[in-house]
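As structure tokens, the structure follows; a few thoughts come after it.
The values are calculated or read from the model by the stated rules, or taken from the named source; none is laboratory data. Because the structure is a prediction, the values reported are computed rather than measured. Positions of Cβ are backbone-derived with ideal geometry, glycine not excepted, and every protein chain shown enters the neighbour counts.
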Amino acid sequence: MKNLTRGILLIVITIAVVIGPALQAADSYAAIAFCTSSGSWGCASGAATKAEAIANAVAKCNCRDEDVRSNWCKNAWIALAISNQSKGGWGSAWGETPEIAKSKAMAECLARNPDAHVVLYVSAQ
């Protein structure tokens, strides 16, 4: 009986070690894009790659390439804060929670501008 129990346990452990990593969720990316000339912005989430997330966010921003700024995250939250007093003033950051991402984006914006407010935050999922 002990040998049967050990055999079953060994099979279960082997299956968990071999199949377990395959069952983990794939990485997911999000991005924000901000147009410094017009103040428009775009975002994307649930992308399979960093490049896909950035391209989708930039496309939604409707901005000339030289005026667009972007940031991205993987398996996290990303936030965008902008300034009302400084034309084109912005800051973005990622975090493990929406609160962390928003707080860090505000700090980034305030580091270069007199004011800041969060206009969006999005999860990579």
(request) Tally the residues that are surrounded by 17 or more Cβ atoms within 10 Å (Cβ to Cβ) and at positive phi, restricting the search to region 78-125. (result) 0
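Take the residues in region 1-37 that are at pLDDT 65 or above and exposed (fewer than 15 other Cβ atoms within 10 Å of the Cβ); name whichever of them is farthest from residue 75 (Cα to Cα).
Ranking the candidates gives 37 first.
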(request) Would you check if residue 54 is at pLDDT 95 or above, in contact with a helix residue (DSSP H, G or I) (Cβ under 7 Å, 6 or more places away or on another chain) and among the β-branched types (Val, Ile, Thr)? (result) no
